[in-house]
Amino acid sequence: MGKARTPIGNFMMMARLREIYDSQIPNFGISGLKKILYDRGCTSLIVHEDDNVIGGLTYRPIRDNTSVEICLCAIREDRQREGHASQLMKALKDDIHIRFPGSIRFIVSSADVGAVAWFEKMGFERAAEDVMAEWNGHIEEIKNGIFVVKKISNDAHT
């Protein structure tokens, strides 16, 4: 598992990750993917074997660093169901506890319909309308996305 906070030095892996995102999340569009993936405020966690990128998760802190948004998450189709996405979620939680000790209370995302079951397996819940209003304007929403949220503990990796 690798981590890339900037495309400098990791450009080839970031380009491969963009290709995976483009093929697995086509509703986002290439310009939207580039905008997020190469944003200096975002961090990308990359699953790879040597130089072979398997997938990744791109996130950013929001709301005065009290929450983290999963902007993008995808695994190559031929490598799905091998536990890589779960590995990325664990790495995200570890990274949050290191980079933002004690301050992050929620992980949120706008998930496409096909990903909701995975988010629920990871402990996320579909957000009610009143909860969604609280996040309006803070997250990148995808077309027909379903808002999911997970409250996290600051004293343990939950």
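The values are calculated or read from the model by the stated rules, or taken from the named source; none is laboratory data. Everything numeric in this text was worked out from a predicted model, so none of it was measured. Cβ: placed from backbone, ideal geometry, glycine included. Neighbour counts: every protein chain shown.
Quick check: anything in the stretch 76-98 modelled with pLDDT under 90, within 21 Å of F147 (Cα to Cα) and either among the charged types (D, E, K, R) or buried (at least 19 other Cβ atoms within 10 Å of the Cβ) (or both)? No, that holds for no residue. Which residues, taken from the stretch 107-117, are crowded, with 18+ Cβ neighbours inside 10 Å and modelled with pLDDT of 85 or more? I107, V108, S109, A115 - these are the residues of the stretch 107-117 that are crowded, with 18+ Cβ neighbours inside 10 Å and modelled with pLDDT of 85 or more. Report the residue count in the stretch 60-75 for those that are touching a residue at least 40 places away in the same chain (Cβ under 8 Å) and surrounded by 13 or more Cβ atoms within 10 Å (Cβ to Cβ). So the count comes out to 11.
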